[in-house]
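Before any comments, here is the structure.
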Amino acid sequence: RKEVEQDPGPFNVPEGATVAFNCTYSNSASQSFFWYRQDCRKEPKLLMSVYSSGNEDGRFTAQLNRASQYISLLIRDSKLSDSATYLCVVNRKSGNQFYFGTGTSLTVIP
Amino acid sequence: DVKVTQSSRYLVKRTGEKVFLECVQDMDHENMFWYRQDPGLGLRLIYFSYDVKMKEKGDIPEGYSVSREKKERFSLILESASTNQTSMYLCASSLRFSPLHFGNGTRLTVT
């Protein structure tokens, strides 16, 4: 079983829509959780860390469910510029091993 | 702001050549990583280092070696480049339990 699993999509949504991505992780020892955004042929960039109580940054909301071992990302009022691949990343208790999902592709359509 | 700098954006090498990819970070991070990214396979860890002169194999270390002589610099070496090492190589650094910060990648083509 993969450490981190994501639905690869693609998700094609109209501008202004709300879209949600889920990601499951297999190891209960996972400690830290992140969402990254990757544009085509560019490096991944940190979108947001995911905290136990859930957190919000503008139109983006991240949630963590430790009992079910998944994290989610909600994007409200989608913009054309949100089109990218979104990577789920998990870090173990050791602190220096990161595990990546294969990414979920999002295209926001005018 | 953290800056991770990779020495080359694009590189073309011949089969059998020894290839050096350099990575420098400016935030005193103890952890440094080398990944490769291929379509459909996601990011795969080649090697990582959690301190100067320390290194650990990742998931796909075969055909690669690394060097970390100074805290800020982590080099990836392809001992004898092969066509199946054509890929996007990404260097990253982090503090423990903190997010990864990536360099802008080196797109290597081996012909």
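The values are calculated or read from the model by the stated rules, or taken from the named source; none is laboratory data. As the structure is a computational prediction, the values presented were derived from the model and not from experiment. We place every Cβ from the backbone using ideal geometry, glycine too, and count neighbours over all the protein chains shown. The protein model used for the area step is the full one, side chains on, heavy atoms only, and it has no ligands, DNA or RNA in it. Shrake-Rupley method; radii C 1.70, N 1.55, O 1.52, S 1.80 Å.
Looking at residue B:19, is it in contact with a Lys or Arg (Cβ under 8 Å, 6 or more places away or on another chain) and either crowded, with 19+ Cβ neighbours inside 10 Å or at pLDDT below 95 (or both)?
Details: in contact with a Lys or Arg (Cβ under 8 Å, 6 or more places away or on another chain): yes; either crowded, with 19+ Cβ neighbours inside 10 Å or at pLDDT below 95 (or both): yes.
Answer is yes for this residue.
Please go through the range A:52-88 and give me each residue that is within 14 Å of chain B (Cβ to nearest Cβ) and of a type outside the set (A, V, I, L, M), ordered by number.
A:52, A:55, A:57, A:85, A:86, A:88
Looking only at the range B:94-107, how many residues end up being at pLDDT 95 or above and either open to solvent by less than 40 Å² (accessible area, probe 1.4 Å) or touching a Pro at 6+ places or on another chain (Cβ under 7 Å) (or both)?
Of the residues in the range B:94-107, 4 are at pLDDT 95 or above and either open to solvent by less than 40 Å² (accessible area, probe 1.4 Å) or touching a Pro at 6+ places or on another chain (Cβ under 7 Å) (or both).
Give me the residue from the range B:45-71 that is more than 14 Å from chain A (Cβ to nearest Cβ) and charged (D, E, K, R) and, out of that set, least open to solvent (accessible area, probe 1.4 Å).
Selected residue: B:71.
Could we say that residue A:82 is at pLDDT 95 or above, farther than 30 Å from residue B:50 by Cβ and crowded, with 18+ Cβ neighbours inside 10 Å here? Lay out the reasoning, then the answer.
Numbers: at pLDDT 95 or above: yes; farther than 30 Å from residue B:50 by Cβ: yes; crowded, with 18+ Cβ neighbours inside 10 Å: yes.
Yes: the conditions hold for residue A:82.
So, in the range B:57-71, of the ones that are outside any strand (DSSP E or B) and in contact with a Lys or Arg (Cβ under 6 Å, 6 or more places away or on another chain), which residue ends up modelled with the highest pLDDT? Give the steps one after another, and end with the answer.
Kept after step one, since they are outside any strand (DSSP E or B), are these residues of the range B:57-71: B:58-63, B:71.
Filter again for in contact with a Lys or Arg (Cβ under 6 Å, 6 or more places away or on another chain), leaving B:59-60.
Numbers: B:59: 90, B:60: 95.
Among them, the one singled out is B:60.
As an exercise: evaluate residue B:29 against (1) part of a loop (DSSP other than H, G, I, E, B); (2) touching a residue at least 40 places away in the same chain (Cβ under 8 Å); (3) open to solvent by 40 Å² or more (accessible area, probe 1.4 Å) and give the number of the one condition it does not meet.
Every listed condition holds for residue B:29 apart from (3).
Starting from residues that are facing chain B (nearest Cβ under 10 Å) and under 13 Å from the mean Cα position of the chain (by Cα), keep the ones in the range A:36-46 and report whichever is surrounded by the fewest Cβ atoms within 10 Å (Cβ to Cβ). Break it down stepwise before answering.
Pass one, the range A:36-46, residues facing chain B (nearest Cβ under 10 Å): A:36, A:38, A:41-46.
Those left that are additionally under 13 Å from the mean Cα position of the chain (by Cα): A:36, A:38, A:44-46.
On the way: A:36: 23, A:38: 20, A:44: 27, A:45: 14, A:46: 17.
Taking the candidates together, the pick is A:45.
Out of B:97, B:74, report the one residue that is within 14 Å of another protein chain (Cβ to nearest Cβ), outside any strand (DSSP E or B) and of a type outside the set (D, E, K, R).
Details: B:74 fails: outside any strand (DSSP E or B).
It is B:97.
Six or more apart or on different chains, Cβ atoms under 9 Å: show the pairs whose first residue is in the range B:32-44 and within 8 Å of chain A (Cβ to nearest Cβ) and whose second is modelled with pLDDT under 85 and assigned to a loop (DSSP other than H, G, I, E, B).
Listed by first residue and then by second, the contacts come to B:33/A:96.
Of the residues that make up the range B:78-87, is at least one within 14 Å of chain A (Cβ to nearest Cβ) and closer than 29 Å to residue B:1 by Cβ? Spell out the reasoning first.
Residues of the range B:78-87 that are within 14 Å of chain A (Cβ to nearest Cβ), as a first pass: B:87.
Adding the requirement that they be closer than 29 Å to residue B:1 by Cβ leaves B:87.
Yes, there is a match, as at least one residue in the range B:78-87 is within 14 Å of chain A (Cβ to nearest Cβ) and closer than 29 Å to residue B:1 by Cβ.
Of the residues A:91, A:12, only one is within 11 Å of chain B (Cβ to nearest Cβ) and either open to solvent by 50 Å² or more (accessible area, probe 1.4 Å) or under 25 Å from residue B:44 (Cα atoms) (or both); which? Break it down into steps so the answer makes sense when it comes.
Working: A:12 fails: within 11 Å of chain B (Cβ to nearest Cβ).
Of the residues listed, the single one that is within 11 Å of chain B (Cβ to nearest Cβ) and either open to solvent by 50 Å² or more (accessible area, probe 1.4 Å) or under 25 Å from residue B:44 (Cα atoms) (or both) is A:91.
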